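Here the structure is laid out as structure tokens; the discussion comes afterwards.
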């Protein structure tokens, strides 16, 4: 059943991606990119990457849509095409093929003998419940084993937020 | 039962997607985005129960909050034509 759900979401993603490249109405493209992020967030959740899915929903469907709309308010809402974009298409195809080629070296999905399952993961799985006291292993890794790392990320995010507020802020001194 | 629910949600998602692709007016697309985000939330909730992880319900609630904020931004844009400029918005 999960397979059916994942396959349907992949079909949705494909349809949306083609539609985004084909449409000339930029507001429609903004809406479709929001839908794309939501569908991929659902797909990530089904694939058990809950944290990635949440980031995708927050950044893709939340902030990106708002930023795209903010950009759209400064430009013309209709895309103007002058020529067929053959060079970008070639670059995208090459990059995609390189990425697919790169995944060939990776261990198979769910392979129990993959390096990531053999190195520190068994220790986390067996000891983190008793050592940290958090039932979710991912949470205990992020919040405790890599606590300083997460703290640094929070600093980065806060700095980025301050930067965005300075850029977008409604300064009273503005003419 | 949950299987039927998820199939129904998938059908609704595809209908919303069709409306987002065709939808002649701006409001069709806004409604399609909102419907799609609601259905994503429902799909995650149903899939959580389907795979034995009802904790995903919390995740679905957070998604609702995010889509509400972005919906506010979209509606503000469609009404005023910009996002934060009160001087221009008053006109």
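Laboratory data are not the source of any read-out in this text; all were calculated from the coordinates shown. On a predicted model such as this, the values are computed, not experimentally measured, just so you know. Every residue, glycine as well, gets a Cβ built from its backbone with ideal geometry; the counts of neighbours run over all protein chains shown.
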_Using a 10 Å cut-off around each Cβ of peptide A:57-65, what is the average number of partner chain Cβ atoms that fall inside?_
6
*asked:* If you fit an axis through the alpha-carbon atoms of helix B:2-22 and take the longest principal axis of the Cα set of chain B, what angle between them do you get, 0 to 90°, nearest 10?
replied: 30
*For segment A:1-79, what is the relative contact order in percent, using Cα pairs closer than 8 Å and at least 6 residues apart in sequence?*
34
*Of A:12, A:109, A:44, the one that fluctuates the most in a GNM where chain A has Cα springs shorter than 10 Å*: A:109
*Give the relative contact order (percent, whole number) for chain A; include only Cα pairs under 8 Å separated by 6+ residues.*
13
_If the convex hull is drawn through the Cα atoms of segment A:1-72, its volume per residue in Å³_ = 62
*asked:* Using only DSSP helix segments of four residues or longer, with each worth -39500 (n - 2.57), what per-residue ellipticity at 222 nm results for chain B after dividing by its residue count and rounding to 500?
replied: -28500 deg cm²/dmol
*Round to the nearest 10 and give me the degree value, 0 to 90, for the angle of helix A:2-22's Cα axis relative to the longest principal axis of chain A.*
30
*Note the full-extension length gain between residue A:108 and residue A:63 as 0.36 nm times their separation in residues minus their Cα-Cα distance, in nm to one decimal.*
12.8 nm
*Given just the C-alpha atoms of segment A:112-170, how large is their convex hull per residue in cubic angstrom?*
120
*Any idea how far the Cα center of segment B:19-53 sits from the one of segment A:1-56, in Å?*
10
_Using alpha-carbon coordinates, inclination of helix A:86-103 to the longest axis of chain A, degrees_ = 0
*As a check on your grasp of the helix formula, calculate [θ] at 222 nm for chain A: sum -39500 (n - 2.57) over DSSP H runs of n ≥ 4, divide by the residue count, round to the nearest 500.*
-20500 deg cm²/dmol
*Evaluate 2.2 N^0.38 Å with N set to the residue count of the protein assembly as shown, then give the Cα radius of gyration divided by it.*
1.15
*If a/c stays under 1.5 just call it rounded; otherwise compare a/b with b/c (prolate if a/b is bigger, oblate if not). Do that for segment A:38-175, with a ≥ b ≥ c from the square roots of the Cα gyration tensor eigenvalues.*
oblate
*asked:* Give me the inter-chain shielding for A:20-29: mean count of other chain Cβ atoms within 10 Å, whole number please.
replied: 2
*Considering only B:53, B:19, B:29, give the residue with the highest GNM mean-square fluctuation for chain B, with springs between Cα atoms whenever their separation is below 10 Å.*
B:53
*Would you mind classifying chain B by shape? Square roots of the alpha carbon gyration tensor eigenvalues, ordered a ≥ b ≥ c; an a/c under 1.5 is rounded, otherwise it is prolate if a/b is larger than b/c and oblate if not.*
oblate
